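Enquirer: The structure that follows is given in the form of structure tokens.
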Amino acid sequence: MSSSCSRLDGVSLFPEPDGDSWFLYALRCADGTIYAGVTTDLDRRMAEHNTGRGARYTAGRRPVHPIAAWRFPDRGTAQRAEAHFRRLSREGKLTLIARREPFAGADFCLPSADAGADRFCPRCGEALKTSPMPGDERSRQVCTGCGRVHYRNAKPCTGALVTRNGRVLLVKRAIQPYQGCWDIPGGFLEADEHPEAGAVREVQEETGLDIQLTGLLGFYVDRYTHDAAGEYCLNIYFLAQAVGGQECPAEEATEIAWFAPDDLPDEIAFEHTHLVLADWVQWLEGEPA
Ligand SMILES: [Zn+2]
């Protein structure tokens, strides 16, 4: 990815590489399995896994999400810890991770997935506290006042792969996150809005084009930003064709353009967008000419 694409607009989700430390990390794959490995640079390694260049195991189980990391002074201690970790049962691994416990003498060093979550109970206003729950593989936020469990959910977003003559419509983002990167037109759903209506509205707002949806491409979970406050989003993508309107980029976009499947731009916004475009290319290849 080109350096002109400002991917991060805050603190990274991961501890910074310092040149000496090796990390043992664990990922949750798309099929729910856990994968472990060692690296000096968690950000780079995660990008490799999510573009299919990390490992054969993870390439077929994307997207992957980091769920744990421990920092070691050198490669040898990290690899010994990795071997030890792989021998744990799935339940043992998940318990260790849910409790964010030290492992093989190293402290858990991945910021909490609860970073960016609500800090106060929406019902009574008391502080929320994250604790492991009996019989639940994940920690949950629980209200210290009324005891209510505060479940978190991904925010729903919707967008459309609008194609014309085999090319897809992309918009260049004028705003953070990922300012200057190409993105699929779309956005957050209103509370009472159907995803189909939201996709049509977002494309109209961002590009000036009226579209007709022709199918569903799929669902993708991603973080909105990769900083500690990054909210999870459930992204719903439709297939569509333009039926009217005039191309006119909105305030949120500096440029709009149509791209052929073998000529997609390098500077792509959001991790999951790479997967969406790869799926769109695959869908296109299956279409009758
Ligand atoms: Zn409460």
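Enquirer: Being without any contact (Cβ under 8 Å) to a residue 40 or more places away in the chain, under 24 Å from GLU255 (Cα atoms) and among the aliphatic types (A, V, I, L, M) is the filter here, so list the residues in segment 172-226 that pass it.
Expert: Hits for segment 172-226 are LEU189, ALA197.
Enquirer: Continuing with the same structure: Scan segment 58-65 and tell me whether some residue there is over 27 Å from HIS274 (Cβ atoms) and assigned to a helix (DSSP H, G or I).
Expert: Applying the first criterion (over 27 Å from HIS274 (Cβ atoms)) to segment 58-65 yields none.
Within segment 58-65, none of the residues are over 27 Å from HIS274 (Cβ atoms) and assigned to a helix (DSSP H, G or I).
Enquirer: Restricting attention to segment 204-221, which residues are among the hydrophobic types (A, V, I, L, M, F, W, C) and within 26 Å of the chain's Cα centre (by Cα)?
Expert: LEU213, LEU216, LEU217, PHE219, VAL221
Enquirer: Inside segment 119-161, can you point out the residues that are without any contact (Cβ under 8 Å) to a residue 40 or more places away in the chain and aliphatic (A, V, I, L, M)?
Expert: If the condition is that a residue be without any contact (Cβ under 8 Å) to a residue 40 or more places away in the chain and aliphatic (A, V, I, L, M), then ALA127, LEU128, MET133, VAL142, VAL149 are the ones that fit.
Enquirer: Can you find, within segment 119-130, the residue that is farthest from the ligand (Cβ to nearest atom) among those that are open to solvent by 50 Å² or more (accessible area, probe 1.4 Å) and in a loop (DSSP other than H, G, I, E, B)? Even if it seems obvious, please write down each step before you answer.
Expert: Filtering segment 119-130 down to residues open to solvent by 50 Å² or more (accessible area, probe 1.4 Å) leaves 119-120, 122-124, 126, 129-130.
Among the residues that remain, those that are also in a loop (DSSP other than H, G, I, E, B) are: 119, 122-124, 126.
On the way: ARG119: 12, PRO122: 8, ARG123: 5, CYS124: 3, GLU126: 5 Å.
Restricting to residues being open to solvent by 50 Å² or more (accessible area, probe 1.4 Å) and in a loop (DSSP other than H, G, I, E, B), the top hit is ARG119.
Enquirer: Right, another one. Residue under question is THR95, and the condition is that it be β-branched (Val, Ile, Thr), at pLDDT 85 or above, open to solvent by 30 Å² or more (accessible area, probe 1.4 Å) and part of a helix (DSSP H, G or I); does it hold?
Expert: Here the answer is no, as THR95 does not meet what is asked.
Enquirer: Let me ask something else about it. If I ask for residues that are touching a helix residue (DSSP H, G or I) at 6+ places or on another chain (Cβ under 9 Å), in a strand (DSSP E or B) and either within 16 Å of the ligand (Cβ to nearest atom) or open to solvent by 50 Å² or more (accessible area, probe 1.4 Å) (or both), which ones from segment 131-170 would you list?
Expert: Across segment 131-170, the qualifying residues are PRO132, PRO156.
Enquirer: OK, next. In this structure, does GLN141 turn out to be in the same structural domain as ARG123 (by TED's automatic domain parsing) and more than 15 Å from the chain's Cα centre (by Cα)?
Expert: Spelling it out, GLN141 is indeed in the same structural domain as ARG123 (by TED's automatic domain parsing) and more than 15 Å from the chain's Cα centre (by Cα).
Enquirer: If you don't mind, there's one more thing I want to ask. Taking the condition over 22 Å from the mean Cα position of the chain (by Cα), under 27 Å from ARG28 (Cβ atoms), more than 16 Å from the ligand (Cβ to nearest atom) and not in a helix (DSSP H, G or I), does GLY187 pass?
Expert: No.
Enquirer: Then there is this: Using the structure shown, decide if GLY116 is more than 13 Å from the ligand (Cβ to nearest atom), of a type outside the set (A, V, I, L, M, F, W, C) and either modelled with pLDDT under 85 or buried (at least 16 other Cβ atoms within 10 Å of the Cβ) (or both).
Expert: Here the answer is yes, as GLY116 does meet what is asked.
The values are calculated or read from the model by the stated rules, or taken from the named source; none is laboratory data. All values reported here derive from a predicted model rather than from experimental measurement. Please note: Cβ atoms are built from the backbone with ideal geometry, for glycine as well, and neighbour counts cover all protein chains shown. The protein model used for the area step is the full one, side chains on, heavy atoms only, and it has no ligands, DNA or RNA in it. Shrake-Rupley method; radii C 1.70, N 1.55, O 1.52, S 1.80 Å.
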